[in-house]
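The values are calculated or read from the model by the stated rules, or taken from the named source; none is laboratory data. Because the structure is predicted, anything quoted here is derived from the model rather than measured. Counting neighbours? That spans all protein chains shown, and the Cβs are built from the backbone with ideal geometry, glycine included. Heads up: the accessible areas ignore ligands, DNA and RNA and are worked out on the full protein's heavy atoms, side chains in. Shrake-Rupley method; radii C 1.70, N 1.55, O 1.52, S 1.80 Å.
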Amino acid sequence: MAEKRPITVATGDGIGPEIMEATLNILEQAGAEIEPEFIDVGEKVYLTGNSTGIPQEAWDSLRRTKVLLKAPITTPQGGGYKSLNVTIRTAMGLYANVRPCVSYHPVVENKHPDMDLVIVRENEEDLYSGIEHQQTPDVVQSLKLISRPGSERIIRHAFEYARKNNRKKVTCLVKDNIMKLSDGLFHQVFKEISAEYPDIEANSYIVDIGMARLADSPEEFDVIVTLNLYGDIASDIAAQIAGSVGLAGSANIGDQIAMFEAIHGSAPDIAGKGIANPSGLLHGAIMMLVHIGQPEAAEKIHNAWLKTIEDGVLTGDIAKGKDAVGTKEFANAVVDRLGQSPSVLAPVVYSKEVEEKQEETTRPNYVPERELDGTDVFLFNNTLTIDEIAEKLTRAAEASHHEFVMMTNRGVKVYPNGFSETFLSDHWRCRFQPSEGKTETQGMIRELLTQIESEELDWIKIENLYRFDGKIAYSLAQGQ
Ligand code: NAD
């Protein structure tokens with residue numbers, strides 16, 4: 001017999017302990033080789049004054065086992081309590097959020113009977129890094145940071161997930177017709193990595209039409225990989241139209257540690273009544289088994305679960321007026337069907353050749369040549385006219401061996417040759433490049449800022465302009 005794999009288990013709050021007991025019972029009866037290590041996180045811990053809800057022993061266990069199966073947690077009312085999920089996700093580098101969204105038609109009524117897709121959402125970057133600044137009275141900024149390594153690992157994860165879970169296609173959603181650098185990088189990396197997986201079909205959509213198709217014809221999709229914000233929205237659309245929010249599991253995966261859970265909350269209204277549906281957590285546990293290299297047990301449990309609901313054994317939340325069973329009876333019904341397959345719903349197959357560890361990217365670690373090409377200086381101004389600013393900036397440029405190339409307001413070019421109709425805020429981006437025969441240096445940029453200050457202009461920040469391997473690596477202004 002294989003050695004049992006230690007896993008960290010948090011039984012959670014509300015219905016958590018009931019659905020965890022049911023889930024672990026099914027896993028044990030199915031022969032999953034796991035050794036649970038129980039930890040206390042959540043409400044009780046918050047109420048001891050620990051604002052994260054996670055005591056040191058829980059971190060120690062998680063870092064030892066590298067896998068957490070977590071029942072839902074109640075976040076106490078009132079301020080000061082940090083989201084436990086966000087804390088674990090950020091502290092442990094769980095960069096991939098994986099959410100299967102499946103229709104169980106005709107058992108669970110649904111407009112999209114053939115829907116069976118998985119959203120792989122990047123979890124750490126994009127607009128969610130939370131770097132925001134107010135720059136002028138009129139204008140605030142939120143930085144969207146996308147990295148090549150971050151894009152590589154989420155996209156590779158999506159393709160590896162597709163292989164392990166017997167899926168045939170990966171679709172990328174981006175808006176690179178507008179965000180040519182950030183979304184463009186994600187799309188470029190998608191093209192590179194998809195070439196390494198010739199057995200899996202790859203396609204991409206601009207996110208707006210992609211989301212519209214997802215809402216209208218979800219059966220077209222198999223695995224979707226996308227940036228943090230789009231993935232957040234797509235996950236909710238997909239879970240909602242699948243009609244199975246209460247049945248879905250979710251995984252948060254990092255290079256070293258992974259967390260598996262249900263997507264629903266702790267349902268305090270039905271806690272202790274023995275009627276909660278354990279299916280969401282069970283689906284989280286099935287994903288965990290595939291992740292830790294036990295796909296046979298995952299497949300056995302998943303097919304028994306499908307057979308159970310197909311046979312009309314349902315908990316109250318989905319029984320819709322039909323006779324309902326309680327949490328324990330439902331779990332026992334799944335156990336009774338271990339080894340059986342559904343006949344109306346499609347049975348699942350998990351790949352038997354599962355690699356325990358995600359492979360690191362094999363692409364050589366190439367560092368491109370970087371050249372400084374000029375700078376964008378951002379100004380706050382709500383008094384001077386465009387021509388007055390331009391006159392000062394032209395002087396500052398000349399005195400620091402630069403050319404004043406152009407000025408934009410909220411990204412729209414207003415100088416030279418702007419339109420009087422353009423709406424103006426108090427936030428100006430002014431582009432400078434070295435004058436003929438000069439090469440840009442940081443010293444020249446410092447001199448430029450000194451000259452701008454002596455013209456009594458109020459600069460807020462600068463963004464240097466670079467070329468990478470000779471290629472322009474900054475956006476041109478609209479109208480430039
Ligand atoms: P909820 O998902 O707990 O409940 C919404 C409704 O769905 C309730 O009527 C509930 O009875 C029902 N429901 C949920 N899960 C069910 C199940 N397995 N079986 C049968 N019925 C089920 O959402 P909520 O009421 O907004 O939140 C309750 C608590 O859960 C809050 O403290 C919230 O912060 C927390 N929460 C935790 C997580 C998590 O730990 N991942 C996620 C969401 C919410």
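Side notes on the structure shown:
- A straight Cα-to-Cα reach below 16 Å connects residue 328 with the lysines 273, residues fewer than 8 places away in its own chain not being considered.
- Heavy-atom surface analysis with a 1.4 Å probe gives the stretch 262-317 a carbon and sulfur content of 53 percent of its accessible area.
- Rg and Dmax of the stretch 121-221, both derived from C-alpha coordinates alone, stand at 15.5, 53 Å.
- For the stretch 370-472: accessible area per residue (Å², 1.4 Å): 54
- The stretch 81-157, Cα convex hull volume normalised per residue, Å³: 190
- Histogrammed with a bin width of 5 Å, the alpha carbon distances of the stretch 306-464 distribute as 1, 7, 12, 12, 8, 5, 4, 3, 3, 3, 4, 6, 9, 9, 8, 5, 1 percent, first bin at zero.
- Summing Lys and Arg as +1 and Asp and Glu as -1 over all other residues whose Cβ lies under 10 Å from the Cβ of residue 18 gives a net charge of +1.
- The stretch 265-305 - Rg (one decimal) and Dmax (whole number), Cα, Å: 12.7, 36
- log10 of Debye I(q)/I(0), alpha-carbon scatterers only, for the chain at 0.10 Å⁻¹: -0.83
- Note on the stretch 26-81: the C-alpha convex hull projects to 4.6 nm² when averaged across all orientations.
- Surface/4 estimate of mean projected area, convex hull on alpha-carbon atoms of the stretch 257-343, nm²: 6.3
- Net charge over other residues, Cβ less than 14 angstrom from the Cβ of residue 466 (K, R count +1; D, E count -1): -3
- A viscosity of 1.567 mPa s and a temperature of 4 °C, combined with the Kirkwood radius over Cα pairs in Stokes-Einstein, give a translational diffusion coefficient for the stretch 370-472 of 94 µm²/s.
- Accessible area per residue in Å² at 1.4 Å probe, computed on the stretch 243-347: 36
- Cα-based helix-to-principal-axis angle, 207-216 vs the chain, degrees rounded to 10: 30
- Semi-axes of the equivalent ellipsoid for the stretch 2-157, computed as √(5λ) from the eigenvalues of its C-alpha gyration tensor and ordered from largest down, come to 31, 24, 18 Å.
- Those lysines that a straight Cα-Cα span of less than 25 Å connects to residue 111, excepting residues fewer than 8 apart in one chain: 168, 169, 307, 320, 322
- Nonlocal Lys pairs with alpha-carbon distance under 21 Å, the stretch 370-472 (8 or more apart, or different chains): 4
- Debye-formula intensities of the stretch 148-202, expressed as log10 I(q)/I(0) at q = 0.12, 0.13, 0.26 Å⁻¹, are -0.26, -0.30, -1.00 (one equal scatterer per alpha-carbon, no solvent).
- Whole-number accessible area per residue in Å² for the stretch 121-221, which is evaluated in the context of all protein chains at 1.4 Å: 46
- Surface composition of the stretch 370-472: carbon plus sulfur atoms contribute 48% of the solvent-accessible area (1.4 Å probe, protein chains only, all chains present).
- Lys/Arg +1, Asp/Glu -1 at C-beta; the stretch 121-221 dipole; positive extreme among 127, 158, 214: 158
- Summed residue charge, Cβ within 12 Å of residue 376's Cβ, Lys/Arg positive, Asp/Glu negative: +1
- Principal-axis analysis of the Cα atoms of the chain puts helix 279-291 at an angle of about 70° to the longest axis.
- Taking the C-alpha atoms only, the angle from helix 327-336 to the longest principal axis of the chain is near 70 degrees.
- Rolling a 1.4 Å probe over the protein heavy atoms leaves residue 296 with an accessible area of roughly 100 Å².
- Residue-averaged 222 nm ellipticity for the chain, from DSSP H runs of 4+ at -39500 (n - 2.57), nearest 500: -10500 deg cm²/dmol
- The fraction of accessible area contributed by carbon and sulfur in the stretch 121-221 is 54 percent, rounded to a whole number (1.4 Å probe; ligands and nucleic acids excluded).
- Violating pairs (Cα-Cα greater than 19 angstrom) within the set 44/82; 66/352; 164/300; 144/175: 66/352
- Two-site label geometry, residue 446 and residue 148: point separation in nm, points 7 Å out along Cα→Cβ: 3.0
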